[in-house]
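Structure first, then comments.
Where a number appears in this text, it was derived from the coordinates with a stated rule and is not lab data. Everything quoted here is computed from the prediction, not taken from an experiment. Using ideal geometry, Cβ is built from the backbone for each residue, glycine included, and neighbour counts are taken over all protein chains shown.
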Amino acid sequence: MKLIQIQKHNLAQYISILPDSLLRYPGEIFVCAEDDIPCGAIVLEKLGRQLGINWLWVAPEKRRMKLGSALLMKAYQFAKQQQYSALTIAYDPDEPWAAILEYMLARMGFHLLMSPFTKYRITSEALLSSPQLPYKKKPYNAYICFG
């Protein structure tokens, strides 16, 4: 398995696994590949002095093989190398995959910080019927501080 940083010269080779919304993304992208076949990716977003994990994906047939952990470790190493103050990830703790992510983050030394953000579900009915917008869930942040 190889971890590859995506740049202009190799984007076409790994474009098939990235969502369209990330193709023009200004952050850093790393892909893991076996025999030049992409099987996972992590997208990092620069947030001032912090580096945020925007997207993490591993192909279903390659899960439980430590590829997600390898991508998280690459993000950690990149953040340290580029002298970011922290590496963060925001996620919804009620998602079915949240427990797996929390386990991976805890094994790698991330500290879970309960930092709720409002998540709005705006419908046309809500906009027409009330000046207050309802929200359902509050995602959490996990982070590693470097200093």
With 19 Å as the limit, write out which pairs from Lys46/Lys66; Lys46/Lys74; Lys2/Lys66; Lys8/Lys62 have Cα-Cα distances beyond it, or answer none. Lys46/Lys66; Lys8/Lys62
Sticking with the crude label model, points 7 Å out along Cα→Cβ, report the distance from Asp92 to Leu47 in nm, one decimal please. 1.8
Would you mind putting 42-51, 61-70 in packing order, based on average other-beta-carbon counts within 10 Å, highest first? 42-51, 61-70
Could you give the nm distance between label points at Ile37 and Tyr103, where each point is 7 Å from its Cα heading toward the beta carbon? 2.5
May I ask you to list the aspartates and glutamates whose Cα is less than 19 Å away from that of Lys80, ignoring any residue fewer than eight positions away on the same chain? Glu28, Glu45
